[in-house]
Amino acid sequence: MFSERTTWELRPSRLAERLAAMRAAGETVLDLTESNPTRAGFAYPREAILEALANPKGLVYDPDPRGLLSARRAIAASQGGIDPSRIVLAASTSEAYSWLFKLLCGEGDEILIPAPGYPLFDFLAKLESVRLARYPLFYDGAWRLDIDAIARLAGPRTRAVVAVHPNNPTGSFLTHQEIDALRTLARERNLAIVSDEVFAAYSFTEEAFSPTLAGETSVLTFSLGGLSKEAGLPQMKLSWIVASGPEALRDEALERLEIIGDTFLSVGTPVQAGIEPLLRAGESVRRMILDRVRANRDALLGARRAEDAWECLHTDGGWYAVLRAPRVMSDEDWALDLLESEHVHVHPGDLFDFPTDGCLVVSLLPPADRFREGIARISARFRARA
Ligand SMILES: Cc1ncc(COP(=O)(O)O)c(C=O)c1O
């Protein structure tokens, strides 16, 4: 009856089952997986956001398949003054991925994605009948790209390589050298680059990381961003694809994306009409989020004692932290153990395809007191079980 594309494993994990049972029994769980900024206790500039949505232009339906030019202009200005004709708007970065997979891949073609990485890729790819191959990031005190592994994995059906910059959940930005190596490989193998830059504004240090790939000239490249992370406004449903690369190829990609966009016309008019004030409001939200994730990360680093058998892996940005637990049980068992004994919910690393067992992922978004309490309980449990 149903398409193979929608054949999923629907059974909840042991962790999800336990969590649901505890919540149903009225037990309070300290959630260190919260990654929805609208539920993380930020003082949003409510009036400015609501006023932005009251623009009378939102009453008229006059769609542009690439997104309203006025909105693309405002976004182009916010992204360092790029040419708005290189931008296509979509309702979310997830939708942008699905459009790019449609643009680049036929059935059975392949996309390379990072591991560890963001779990939604499996669903996005399956829905487009695209195959995924995972290229490893390796950790030697910082997370690095294994460019030789990418070269080995890229086969005749490979169409694109996805780089998440900075990556979720490892928080690693691409270095200049990695970008150069990726560019060379993509050119040699005729691959497009998809650079997911949704977390680019969330760097933990003031030191500049390698910038957006939106200025790329030699390889067809798509840089993704959106209000969801950049302005902490996922409910607005507005993201952008910036195309770059050799002019003729880039323009053909844009024409094809325009038809895909025209097929769905999925971005609402009110959010596009209100984009300028929303981007302005987003600046203050971004500042609050950045202060929060930095402070929580400092608290996490400060919670570890020199003699502890757990560590916090190095990250440069993003909204997450990765803990390496004492190696006495699997990461799924650790997540269950912390839930049962400490009532703290964390993600097991296998959700993100970590190469080694024992990695746990926590969100840095929760309010500081909740975060500190969760980390205090986790570190006490690590010590007790190490
Ligand atoms: C790396 C990465 N890309 C894209 C997305 C999706 O963002 P959006 O809300 O724009 O679909 C997420 C969401 O968590 C993400 O972590």
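Would you confirm, using the coordinates I've provided, whether S284 is more than 16 Å from the ligand (Cβ to nearest atom) and either more than 30 Å from D353 (Cβ to Cβ) or in contact (Cβ under 8 Å) with a residue 40 or more places away in the chain (or both)? Yes: the conditions hold for S284.
Checked against (1) in contact with a Lys or Arg (Cβ under 7 Å, 6 or more places away or on another chain); (2) surrounded by fewer than 17 Cβ atoms within 10 Å (Cβ to Cβ), M1 passes all but a single condition, namely (1). If you check E247, E276, E216 for being more than 16 Å from the ligand (Cβ to nearest atom) and touching a helix residue (DSSP H, G or I) at 6+ places or on another chain (Cβ under 6 Å), only one passes: E276. Cβ-Cβ distances below 8 Å connect the following pairs, each with a first residue in segment 211-226 that is of a type in the set (D, E) and modelled with pLDDT of 95 or more, a second residue that is more than 16 Å from the ligand (Cβ to nearest atom) and not in a strand (DSSP E or B), and a separation of six or more residues or different chains: E216/R183; E216/G245.
The residues of segment 70-79 that are of a type outside the set (K, R) and either within 22 Å of the chain's Cα centre (by Cα) or away from the ligand (no atom under 16 Å from the Cβ) (or both), listed by number, are S70, A74, I75, A76, A77, S78, Q79.
Checking each residue in segment 136-161 for being in contact (Cβ under 8 Å) with a residue 40 or more places away in the chain, farther than 21 Å from L220 by Cα and in contact with a helix residue (DSSP H, G or I) (Cβ under 9 Å, 6 or more places away or on another chain) picks out P136, F138. Within segment 115-138, being within 14 Å of the ligand (Cβ to nearest atom), crowded, with 16+ Cβ neighbours inside 10 Å and part of a loop (DSSP other than H, G, I, E, B) holds for P116, G117, Y118. State all residues of segment 21-44 that are under 23 Å from F123 (Cβ atoms) and part of a helix (DSSP H, G or I); if no residue qualifies, say none. Of everything in segment 21-44, those that are under 23 Å from F123 (Cβ atoms) and part of a helix (DSSP H, G or I) turn out to be P37, T38, R39. The residue pairs whose first member lies in segment 80-98 and is free of Cβ contacts under 8 Å to residues at least 40 places away in the same chain and more than 14 Å from the ligand (Cβ to nearest atom), whose second member is part of a helix (DSSP H, G or I) and not aliphatic (A, V, I, L, M), and whose beta carbons are closer than 9 Å, counting only pairs six or more residues apart or on different chains, are P84/R72; P84/R73.
Every residue, every condition in (1) hydroxyl-bearing (S, T, Y); (2) outside any helix (DSSP H, G or I); (3) farther than 30 Å from R297 by Cα, yes or no:
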site	(1), (2), (3)
E9	no, yes, yes
L19	no, no, no
A48	no, no, no
G58	no, no, yes
D64	no, yes, yes
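Within segment 101-114, not a single residue is in contact with an Asp or Glu (Cβ under 6 Å, 6 or more places away or on another chain), under 20 Å from R157 (Cβ atoms), modelled with pLDDT of 95 or more and not in a helix (DSSP H, G or I).
Only a single criterion out of (1) closer than 26 Å to R18 by Cα; (2) in contact with a strand residue (DSSP E or B) (Cβ under 6 Å, 6 or more places away or on another chain); (3) surrounded by fewer than 23 Cβ atoms within 10 Å (Cβ to Cβ) is not satisfied by V346, namely (3).
The values are calculated or read from the model by the stated rules, or taken from the named source; none is laboratory data. A quick note: this is a predicted structure, and the numbers were derived from the prediction, not measured. For neighbour counting, all protein chains shown are included, and Cβ atoms are generated from backbone atoms with ideal geometry for every residue, glycine included.
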